[in-house]
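Data block below; observations after.
The values are calculated or read from the model by the stated rules, or taken from the named source; none is laboratory data. Quick caveat: nothing in here was measured; it's all calculated off a predicted structure. Using ideal geometry, Cβ is built from the backbone for each residue, glycine included, and neighbour counts are taken over all protein chains shown. Keep in mind that these areas ignore ligands, DNA and RNA; they rest on the heavy atoms of the full protein, side chains included. Shrake-Rupley method; radii C 1.70, N 1.55, O 1.52, S 1.80 Å.
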Amino acid sequence: MLVKRARRQAAPKIWVPPLVYVAIALGLGVLAPVVSANASWLPVSMISSPSALALLTAVATGMLAFTGVVLSLALVALQFGATIYGPWLMRARGGTQLLAHALGVFTGTFLYTVLAIPVVDLAGTEGVSAVVVWVSFGWLLGSIVMLLRLVPVIQGMSIDTVLGDLGRQGREAISAVYEPGGDGAGAAATAADAPPAQVIRHAGRPAYLLAVNEAALVELGRARQAVLRIPRAVGESVLSGEPLVTIEGGDGLVPEDRARRAIVVGTGPILVGDPAYALRLLVDIAIRALSPAVNDPTSAAHALDQIEALLRRLAESRLEPGEVRDRDGTLRLVFAVRSWDDLLGLALTEIDYYGRDSTHVQARLDELLQALVEAVPEARRPAVRRFMADRSKEGAG
């Protein structure tokens with residue numbers, strides 16, 4: 001499930017919804033003359049030609065202005081969000097799929113209505129079946145519904161909504177990736193004992209590791225009696241020619257195409273399955289708020305609220321050891337993982353650096369670190385204390 005979601009987010013087909021709606025509108029427009037010509041078979045009334053023409057023309061002309069205004073507002077809101085929060089956040093939050101559906105419904109409404117107008121007075125008849133007009137009104141109602149669905153997206157650009165959404169998505173990613181009950185005492189991933197027998201390298205433009213189908217890779221390793229090793233953690237970049245998977249030992253080569261299908265890469269990081277990326281985006285919001293051009297320490301402190309919640313959840317999760325065994329207990333897959341120290345540094349180091357001149361931010365960091373020392377498992381407290389000690393040394397210096 002996690003791999004499928006990652007594939008969908010890595011390559012969203014935003015062009016599909018508009019095409020589907022256009023095809024439906026064209027199909028209904030082609031059927032409109034048939035419906036009107038056989039109106040006697042339908043238990044519906046007829047509408048006079050002048051009335052039908054006035055209604056359909058009003059819908060068609062109104063949709064042009066309606067579509068232009070709505071899409072202009074939506075694009076301005078997205079551009080505003082990208083300027084305030086950064087393009088990566090807007091990409092992570094999504095909204096493009098909903099915008100694609102809205103564009104499809106608006107376009108479908110216009111196309112169907114334009115195709116239905118010639119049906120009026122078709123074959124010399126006076127009037128048109130009410131079904132033809134009702135379908136046009138159905139499209140119009142759908143357009144209004146899509147407008148109402150777009151309103152929360154535009155309103156969701158407020159800082160409290162953005163931070164809340166990122167916190168929620170980060171918690172979902174933690175639940176999807178890590179098991180609860182971590183104590184910080186897990187062993188590090190096993191080091192390679194011998195040169196790899198096979199190396200599968202990334203080919204193409206720079207990409208990011210987005211997800212790994214652990215079950216599929218374990219099965220590949222079991223079938224070849226080999227150990228598969230992924231040298232980078234989810235969310236890290238991979239360049240052309242760099243190893244995606246190395247295979248150690250085994251009987252014969254692992255099928256390269258099957259191994260590649262088990263690893264999802266994309267042109268940009270995503271929140272699905274990558275809690276560290278949620279932390280990264282929250283940090284970006286905080287340091288943007290602390291920039292001299294913005295000077296908004298309150299927003300940075302609110303970002304730290306969400307960061308603290310994610311760190312507490314991560315501290316209670318099993319982050320190590322990055323090893324997966326088959327049903328016989330034999331090691332088959334080893335992958336890089338982010339340690340508690342890495343996640344703690346990612347979440348707090350830059351905010352501490354850029355917020356040194358803000359007493360509000362420094363006080364919130366002191367409160368956060370003290371709360372972590374008291375809340376996290378004992379094995380993970382030394383990393384927090386080291387971070388606190390380093391802050392004290394830098395402050396004294």
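Just a few scattered comments:
- Counting heavy atoms of the protein chains alone, SER240 has an accessible area of about 80 Å² for a 1.4 Å probe.
- Pairwise centroid distance, computed over Cα atoms, of the range 207-279 with the range 324-380, Å: 24
- Stretching VAL151 away from ALA65 to a fully extended chain increases their span by 29.2 nm, per 0.36 nm per residue minus the current alpha-carbon distance.
- Computed from label points 7 Å out along Cα-Cβ, the spacing between ARG232 and VAL30 is 4.7 nm.
- Between GLU256 and ARG205, the modelled labels are 2.2 nm apart [label points 7 Å from Cα along Cα→Cβ].
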